[in-house]
Amino acid sequence: MTEQQPSDRINVAVIGAGRMGADHIRRLDTRISGARVSAVVDVDEGRAQAAVDGVPGAVCLSDPNDALARSDVDAVLVATPGFLHEDILLAALEADMPVLCEKPLTQEPESSWRIVQAEEKLGRKRIQVGFMRRFDAEYAALGDVFAAGDLGAPLMLHCAHRNPTTPPGFTNEMLITDSVVHEFDVIRYLTGEEIASVRIRTGRRNSFAPAQQHDPQHVLIETTGGLLADVEIFVNADFGYQVTTQAVFERGIVDIGRERGLQTAASGRWGGVVTPGFEERFGDAYDAEVQSWVDAAARGEIGGPSAWDGYATAACCAAGVRAQQSSEAVRVELNPKPEMYQS
Ligand code: ISE
């Protein structure tokens with residue numbers, strides 16, 4: 001194999017060196033081909049420095065605009081908290097740079113729509129949104145079952161999304177905006193339909209959940225084509241991390257996300273290991289997502305979900321947060337899809 005020359009590689013500025021940013025820096029540095037980390041931006045200089053330690057030639061910066069202005073930055077990976085995304089994304093579009101933006105695109109549909117409009121004005125898709133489940137092998141295989149149609153029409157989806165615990169400051173709304181946002185995206189991806197409405201019921205509360213959260217919640221989603229999906233979102237489940245989906249078709253049932261890996265029988269017992277968190281569960285999916293983005297960026301394209309997907313899921317989240325306050329199904333309000341996002 002011929003050695004890849006530095007000039008063949010895309011220089012990436014990673015903006016935000018927290019949990020996901022640091023994870024992506026390691027990934028770009030060790031597992032992704034065709035890219036290198038040339039800059040890390042974080043307001044916390046110590047954190048930025050710690051993240052670039054051991055990454056050859058990468059500089060630390062504190063202002064995203066300084067990264068966008070550098071000649072050794074060709075693309076940006078945005079991993080700051082969501083409330084900071086809008087300004088960074090608008091500046092990156094202004095600079096006409098490829099962007100991989102961790103979810104959410106932005107926190108509200110209004111600001112996400114502004115991003116869609118700015119990208120439409122630019123005239124090409126530059127932003128890929130970090131919905132990594134689309135790159136998970138099992139979700140992709142389930143997508144193939146939907147596409148093949150051999151099991152007839154899909155009728156229902158039963159989803160469970162369980163996290164062991166939540167970080168400090170995780171609000172009740174974040175069960176929807178930070179967690180169920182993934183189901184909104186993946187249901188849209190699997191069915192090829194938009195989400196029409198969201199309804200939420202809360203029942204018995206987990207007494208171990210932080211006071212501000214009503215955990216778990218039962219989310220009932222209906223797509224524009226009438227498919228029903230229910231999601232158990234349970235973010236203080238203690239035992240580990242688990243994301244499962246059961247798809248019900250006219251002539252068959254498909255399950256994904258069940259524990260795999262080693263099943264050991266010894267000393268009169270059998271068992272395996274529960275995945276501890278999302279980095280482990282979706283590690284391969286994150287690798288595939290970032291590789292797809294890098295490969296597409298080299299061609300001047302995006303390699304995954306678009307700003308439209310970011311906008312549509314932000315609209316679902318807004319409906320979901322309203323549904324938390326109501327016993328009714330709340331309709332998802334969407335602007336018409338611009339031509340650029342039709343394919
Ligand atoms: C987290 O931000 C993620 O994106 C994980 O995939 C999800 O499982 C978790 O609930 C979120 O808080």
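With over 17 Å from the mean Cα position of the chain (by Cα), outside any helix (DSSP H, G or I) and within 12 Å of the ligand (Cβ to nearest atom) as the only criterion, which of Pro168, Pro164 stands out?
Working: Pro168 fails: within 12 Å of the ligand (Cβ to nearest atom).
Every option except Pro164 fails the conditions.
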Examine the stretch 11-32 for a residue that is on the phi > 0 side of the Ramachandran plot, in contact (Cβ under 8 Å) with a residue 12 or more places away in the chain, surrounded by 14 or more Cβ atoms within 10 Å (Cβ to Cβ) and not in a helix (DSSP H, G or I), and state whether such a residue exists.
yes
Consider only pairs whose beta carbons are under 7 Å apart and that are at least six residues apart or on different chains; among these, list those whose first residue lies in the stretch 119-145 and is free of Cβ contacts under 8 Å to residues at least 60 places away in the same chain and whose second residue is within 16 Å of the ligand (Cβ to nearest atom) and outside any strand (DSSP E or B).
Gly143/Tyr189
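May I ask you to say which residue of Leu155, Leu142, Leu175, Leu151 is modelled with pLDDT of 95 or more, of a type in the set (A, V, I, L, M) and within 15 Å of the ligand (Cβ to nearest atom)?
Numbers: Leu155 fails: within 15 Å of the ligand (Cβ to nearest atom); Leu142 fails: within 15 Å of the ligand (Cβ to nearest atom); Leu151 fails: within 15 Å of the ligand (Cβ to nearest atom).
That would be Leu175, the only listed residue that is modelled with pLDDT of 95 or more, of a type in the set (A, V, I, L, M) and within 15 Å of the ligand (Cβ to nearest atom).
If the requirement is being small (Gly, Ala, Ser), within 16 Å of the ligand (Cβ to nearest atom) and surrounded by 23 or more Cβ atoms within 10 Å (Cβ to Cβ), which of these qualifies: Ala79, Ala67?
Working: Ala67 fails: within 16 Å of the ligand (Cβ to nearest atom).
The unique qualifying residue is Ala79.
What about Arg204, is it farther than 16 Å from Phe131 by Cα, of a type in the set (Lys, Arg) and part of a loop (DSSP other than H, G, I, E, B)?
Numbers: farther than 16 Å from Phe131 by Cα: yes; of a type in the set (Lys, Arg): yes; part of a loop (DSSP other than H, G, I, E, B): yes.
Judged against the criteria, Arg204 is a match.
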Are any of the residues in the stretch 228-242 of a type in the set (S, T, N, Q), at pLDDT 95 or above, within 16 Å of the ligand (Cβ to nearest atom) and outside any strand (DSSP E or B)?
yes
Looking at (1) surrounded by 14 or more Cβ atoms within 10 Å (Cβ to Cβ); (2) farther than 22 Å from Cys316 by Cβ; (3) out of contact with any Ser or Thr (no Cβ under 6 Å at 6 or more places or on another chain); (4) not acidic (Asp, Glu), which is the one condition that is false for Phe282?
(2)
Residue check for Leu105: within 26 Å of Glu279 (Cβ to Cβ) and in a loop (DSSP other than H, G, I, E, B):
yes
Selection status of Arg134, surrounded by 15 or more Cβ atoms within 10 Å (Cβ to Cβ), closer than 27 Å to Leu89 by Cβ and more than 16 Å from the ligand (Cβ to nearest atom)
no
What are the residues in the stretch 258-271 that are in contact (Cβ under 8 Å) with a residue 12 or more places away in the chain and either surrounded by 11 or more Cβ atoms within 10 Å (Cβ to Cβ) or assigned to a helix (DSSP H, G or I) (or both), if any?
Glu259
Taking the condition of being assigned to a strand (DSSP E or B) and either closer than 27 Å to Asn236 by Cβ or modelled with pLDDT under 95 (or both), how many residues in the stretch 184-196 meet it?
1
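So which of Thr264, Thr224 is β-branched (Val, Ile, Thr), out of contact with any helix residue (DSSP H, G or I) (no Cβ under 8 Å at 6 or more places or on another chain) and under 26 Å from Ala196 (Cα atoms)?
On the way: Thr264 fails: under 26 Å from Ala196 (Cα atoms).
Of the residues listed, the single one that is β-branched (Val, Ile, Thr), out of contact with any helix residue (DSSP H, G or I) (no Cβ under 8 Å at 6 or more places or on another chain) and under 26 Å from Ala196 (Cα atoms) is Thr224.
Return yes when Asp96 is away from the ligand (no atom under 16 Å from the Cβ), of a type in the set (Asp, Glu), in contact (Cβ under 8 Å) with a residue 60 or more places away in the chain and not in a helix (DSSP H, G or I) and no when it is not.
On the way: away from the ligand (no atom under 16 Å from the Cβ): yes; of a type in the set (Asp, Glu): yes; in contact (Cβ under 8 Å) with a residue 60 or more places away in the chain: no; not in a helix (DSSP H, G or I): yes.
No: the conditions fail for Asp96.
Quick one: in the stretch 210-222, which of the residues that are assigned to a strand (DSSP E or B) and surrounded by 21 or more Cβ atoms within 10 Å (Cβ to Cβ) is farthest from the ligand (Cβ to nearest atom)? Quick ask: steps written out before the conclusion?
Initial filter on the stretch 210-222 (assigned to a strand (DSSP E or B)): 217-222.
Filter again for surrounded by 21 or more Cβ atoms within 10 Å (Cβ to Cβ), leaving 217, 219, 221.
Details: Gln217: 12, Val219: 13, Ile221: 16 Å.
Within the stretch 210-222, the match that is farthest from the ligand (Cβ to nearest atom) is Ile221.
The values are calculated or read from the model by the stated rules, or taken from the named source; none is laboratory data. Note that the coordinates shown come from a computational prediction; the quantities given were computed from them, not determined experimentally. Cβ atoms come from the backbone with ideal geometry, glycine included; neighbour counts cover every protein chain shown.
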